[in-house]
């Protein structure tokens, strides 16, 4: 187990390095620079700025320099927001994004599983049809449409929830719902099909033959096996929720990381682009790692310390 | 007279499908006596498994008609909640495929213990003692270590032993074994059959053994019921069935089994296939494959003839009016 974690850790570092390298060079390949936007600045000013941010050095030197910096967790300083380091932005934006993301993930997982299980138990019944209709809508409607629809109906027409920003729990409801519906729908559909399959398994019949109650059979024998594929999906869903939150944060004017991420790309704020990308990647890699660990705990057939299954 | 413990009367089980209703079991009658092993034999699709699963109402089909009498209850109509008290405690079941019948994500110990705590007031540690005892009884070495393991850490034969242990934890009076040795190789089969004999001797449990393997039947069965197209066509004790088979189908079955004591005797298969159970024939279902079929077989299902106290058969050849027919077979 320890050996496995160590090996995974090394792989994680390598993955992260690849992402840093790729993003770094892609970013510099893209046309434009942080300084030639709206304002017409003189050539000497431009040069001074380039000098200040060390952008006039050869790209290879910049790359080595940058790698060295992030090894010391120094992500540099924002170009468009002078005086603010990327670390400042991250420590301010991340807690908000994390809160929104985790809320959405929690809502998506819990409601998705409940919906899926109910649909499977009432297979081809009215509950099944309702649940799957919700799921299809959830999958087909993009979250930015969902978000604007929610704002229009629940915030403007009905005035139940505030339209935007991030302050009270009431403020969190709409963005969470908008962010959670897609993943929830995916989880619901997967849980349903997986549950339906598990319920026909021989060991469910064995459990029935033992005289266990239906609830015990579902919770102890069926659900755990049915959730294995769902757990596998969690890693990718987390990624989906994170990237989805960029859009949602923008729509609801939530001061999370997504806002800085989108803005930084528009303004070619190199250090913020790199910082947020590296941070998101790192976070995602860790999430995927946790999912793998969880998978091993849920399914004893998967041995983490051995190569063979 | 030995006490009857389970009685199945005129059991009908059907499966509604898009293409029509499959009448899988069409009036099965048999009794199970205390401490005996009743084998239900027949080819694939004749309704053996449906019959056995119907006893515990585990079948996905509908019990259309009939009664399953056990301890003064009719299991065919007993409320689900009451039935759950009987499942796993008074009647328990072993299934065909030990590779898939155990839950892969739960330890053997937990799967054994949950059956015990479900039906008794034993604490977890008391239940664990029982589980250990049962694993020992079915011949699993090192039971306390094994309790913590998962099904994938056991071989097929071992898993079937665990299934047997699991079925015995509440000291049932009836044990239904649905093809318990079919998925195992021959040496393991012999061990499992020996185990059944040993358990029956020690606990006095009555066993219903579902199988298509007459070799297995010859080893362990006290009485044999031959099923064909959803009906029990012949039932009798082992001697009667093996040495004085009366139904042409039973004879056909026996002729198609290789015997080590008779040299150079060709195996004679039964030609044809069983009837379609979407629309079972009005008369005798075996008629189309029977070389002694008569006019009456096409129109009426045979009446049950009592050969003697231990032997019943559903065949028109036994009718007094058919006595003129001479048998071409060696018998």
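Among the numbered criteria (1) surrounded by fewer than 24 Cβ atoms within 10 Å (Cβ to Cβ); (2) at the interface with another protein chain (Cβ under 10 Å from one of its Cβ atoms), which single criterion is violated by residue B:166?
Against the list (1) surrounded by fewer than 24 Cβ atoms within 10 Å (Cβ to Cβ); (2) at the interface with another protein chain (Cβ under 10 Å from one of its Cβ atoms), residue B:166 comes up short only on (1).
Out of all the residues in segment B:40-48, is one or more in contact with a strand residue (DSSP E or B) (Cβ under 9 Å, 6 or more places away or on another chain), facing another protein chain (nearest Cβ under 9 Å) and either buried (at least 23 other Cβ atoms within 10 Å of the Cβ) or within 30 Å of residue B:270 (Cβ to Cβ) (or both)?
As a first pass, look at segment B:40-48 and keep what is in contact with a strand residue (DSSP E or B) (Cβ under 9 Å, 6 or more places away or on another chain): B:40-43, B:45-48.
In the following step, the residues that additionally are facing another protein chain (nearest Cβ under 9 Å) were identified as none.
No, that holds for no residue.
Could you tell me which of the residues A:199, A:234 is surrounded by 18 or more Cβ atoms within 10 Å (Cβ to Cβ), within 12 Å of the chain's Cα centre (by Cα) and under 24 Å from residue A:115 (Cβ atoms)? Steps first, answer last, please.
On the way: A:199 fails: within 12 Å of the chain's Cα centre (by Cα).
After applying the criteria, what remains is A:234.
Select from segment A:40-61 the residues that are surrounded by 13 or more Cβ atoms within 10 Å (Cβ to Cβ) and in contact (Cβ under 8 Å) with a residue 12 or more places away in the chain and list them in ascending order.
A:49, A:50, A:53, A:55
If you check residue B:105 against the conditions, is it over 23 Å from residue B:206 (Cβ atoms) and buried (at least 18 other Cβ atoms within 10 Å of the Cβ)?
Working: over 23 Å from residue B:206 (Cβ atoms): yes; buried (at least 18 other Cβ atoms within 10 Å of the Cβ): yes.
When the stated conditions are applied, residue B:105 passes them.
Mind checking which residues of segment A:211-225 are touching a residue at least 60 places away in the same chain (Cβ under 8 Å) and either in contact with a strand residue (DSSP E or B) (Cβ under 6 Å, 6 or more places away or on another chain) or more than 9 Å from chain B (Cβ to nearest Cβ) (or both)?
Within segment A:211-225, A:218, A:223 meet the criteria.
Looking at B:100, B:77 in this structure, which one is in contact with a helix residue (DSSP H, G or I) (Cβ under 6 Å, 6 or more places away or on another chain), modelled with pLDDT of 90 or more and surrounded by fewer than 19 Cβ atoms within 10 Å (Cβ to Cβ)?
Values: B:77 fails: in contact with a helix residue (DSSP H, G or I) (Cβ under 6 Å, 6 or more places away or on another chain).
Going through B:100, B:77 in turn, the sole match is B:100.
Mind listing whichever residues of segment B:86-105 are more than 7 Å from chain A (Cβ to nearest Cβ) and within 19 Å of residue A:199 (Cβ to Cβ)?
Within segment B:86-105, B:96, B:99 meet the criteria.
Cβ-Cβ below 7 Å, separation at least six or inter-chain, first residue in segment A:1-19 and under 15 Å from residue A:287 (Cβ atoms), second exposed (fewer than 10 other Cβ atoms within 10 Å of the Cβ) and modelled with pLDDT under 90: which pairs?
Between residues of segment A:1-19 that are under 15 Å from residue A:287 (Cβ atoms) and residues that are exposed (fewer than 10 other Cβ atoms within 10 Å of the Cβ) and modelled with pLDDT under 90, there is no close pair.
Exactly one condition in (1) away from chain B (no Cβ under 14 Å); (2) closer than 21 Å to residue B:99 by Cα is false for residue A:208; which is it?
Status for residue A:208: all satisfied but (1).
Let's see how each residue does on (1) at pLDDT 90 or above; (2) surrounded by fewer than 19 Cβ atoms within 10 Å (Cβ to Cβ); (3) within 23 Å of the chain's Cα centre (by Cα):
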residue	(1), (2), (3)
A:146	yes, no, yes
A:155	no, yes, no
A:162	no, yes, no
A:166	no, yes, yes
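Being over 27 Å from the mean Cα position of the chain (by Cα) and without any contact (Cβ under 8 Å) to a residue 60 or more places away in the chain is the filter here; which residues of segment A:105-127 pass it? If you could, list the steps in order and put the result at the bottom.
First, the residues of segment A:105-127 that are over 27 Å from the mean Cα position of the chain (by Cα): A:120-127.
Answer for segment A:105-127, where residues must be over 27 Å from the mean Cα position of the chain (by Cα) and without any contact (Cβ under 8 Å) to a residue 60 or more places away in the chain: A:122, A:124, A:125, A:126, A:127.
Tell me which residues, restricted to segment B:147-157, are outside any loop (DSSP other than H, G, I, E, B) and buried (at least 18 other Cβ atoms within 10 Å of the Cβ).
Answer for segment B:147-157, where residues must be outside any loop (DSSP other than H, G, I, E, B) and buried (at least 18 other Cβ atoms within 10 Å of the Cβ): B:151, B:157.
Could you tell me whether segment A:61-69 includes any residue that is out of contact with any helix residue (DSSP H, G or I) (no Cβ under 6 Å at 6 or more places or on another chain) and under 19 Å from residue A:259 (Cα atoms)?
So far as segment A:61-69 goes, no, none of its residues is out of contact with any helix residue (DSSP H, G or I) (no Cβ under 6 Å at 6 or more places or on another chain) and under 19 Å from residue A:259 (Cα atoms).
Got at least one residue in segment A:218-241 being more than 20 Å from residue A:295 (Cβ to Cβ) and touching a helix residue (DSSP H, G or I) at 6+ places or on another chain (Cβ under 6 Å)?
Taking segment A:218-241 as the starting set, the residues that turn out to be more than 20 Å from residue A:295 (Cβ to Cβ) are A:218.
Now drop any that are not touching a helix residue (DSSP H, G or I) at 6+ places or on another chain (Cβ under 6 Å), which leaves none.
No, because not a single residue in segment A:218-241 is more than 20 Å from residue A:295 (Cβ to Cβ) and touching a helix residue (DSSP H, G or I) at 6+ places or on another chain (Cβ under 6 Å).
Looking at this structure, is residue A:290 surrounded by fewer than 16 Cβ atoms within 10 Å (Cβ to Cβ), assigned to a helix (DSSP H, G or I), away from every other protein chain (no Cβ under 14 Å) and modelled with pLDDT of 85 or more? Give the steps one after another, and end with the answer.
Numbers: surrounded by fewer than 16 Cβ atoms within 10 Å (Cβ to Cβ): yes; assigned to a helix (DSSP H, G or I): yes; away from every other protein chain (no Cβ under 14 Å): yes; modelled with pLDDT of 85 or more: yes.
Taking the combined requirement at face value, the residue satisfies it.
Can you give me the number of residues within segment B:289-309 that are touching a residue at least 12 places away in the same chain (Cβ under 8 Å), in contact with a helix residue (DSSP H, G or I) (Cβ under 9 Å, 6 or more places away or on another chain) and more than 15 Å from residue B:29 (Cβ to Cβ)?
Total meeting the criteria: 11.
Which ones in segment A:196-205 are over 11 Å from residue B:93 (Cβ atoms) and within 7 Å of chain B (Cβ to nearest Cβ)? Walk me through it before giving the result.
Taking segment A:196-205 and keeping what is over 11 Å from residue B:93 (Cβ atoms), we get A:196-204.
If the condition is that a residue be over 11 Å from residue B:93 (Cβ atoms) and within 7 Å of chain B (Cβ to nearest Cβ), then A:201, A:202, A:203 are the ones that fit.
The values are calculated or read from the model by the stated rules, or taken from the named source; none is laboratory data. Treat the numbers as computed from the prediction; the structure is a model and nothing was measured. Cβ: placed from backbone, ideal geometry, glycine included. Neighbour counts: every protein chain shown.
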